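What follows is a short report on a single structure.
No value in this document is a laboratory result; all are computed from the given coordinates. This structure is a prediction, so every number in the text was calculated from the model and none was measured. Every residue, glycine as well, gets a Cβ built from its backbone with ideal geometry; the counts of neighbours run over all protein chains shown.
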Amino acid sequence: MTYNEAIQELEGILRSLETDQVDVDDLTARAERSAELIRLCRHKLRHAEASLDRVFDSLDEEEAEEDEEQDEGEEEGLDSDEPTDDEADEHDYRRGGPGRPSAPRLF
């Protein structure tokens, strides 16, 4: 039985109890069935929560590994904010560059 089916059956039992058309002998059976359905729903919710926790833990581990790799790369100078020789050749930082004004031309 799916979670939605269990909820629909619980709602049906609740509607029948609200109409006061439930025989007293049937009341016990409905209460027991309701308890079973509630247990089933709780189990399914806990299972879904555990599954989501595993997914998020896996994502957190991957992110931590990526951060570690990035930190290692920075220690080796791979991800430095300073321009490499090739990048410095592409942008003459004395004459401006990305985000910097150009020096005035004198001639």
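Tell me the label-point distance for the pair S34, D60, using the 7 Å Cα-to-Cβ offset, in nm and rounded to one decimal.
Inter-label distance under the simple model: 3.8 nm.
What are the semi-axes of the equivalent ellipsoid of the stretch 3-73, taken as the square roots of 5 times the eigenvalues of the Cα gyration tensor, listed largest first and rounded to whole Å?
Working through the eigenvalues yields semi-axes of 48, 9, 6 Å.
Give the shape of the stretch 4-44 as rounded, prolate or oblate, defined through the alpha-carbon gyration tensor: a ≥ b ≥ c are the square roots of its eigenvalues, a/c under 1.5 means rounded, and otherwise the shape is prolate if a/b is larger than b/c and oblate if not.
Here the stretch 4-44 falls in the oblate category.
Using the basic label-point model (7 angstrom from Cα toward the beta carbon), what is the Q21 to E5 distance in nanometres?
Label at Q21, label at E5, 2.5 nm between them.
Please give the charge dipole size of the stretch 3-73, origin at the Cα centre, charges +1 on K and R Cβ atoms and -1 on D and E Cβ atoms. Round to the nearest 20 debye.
1160
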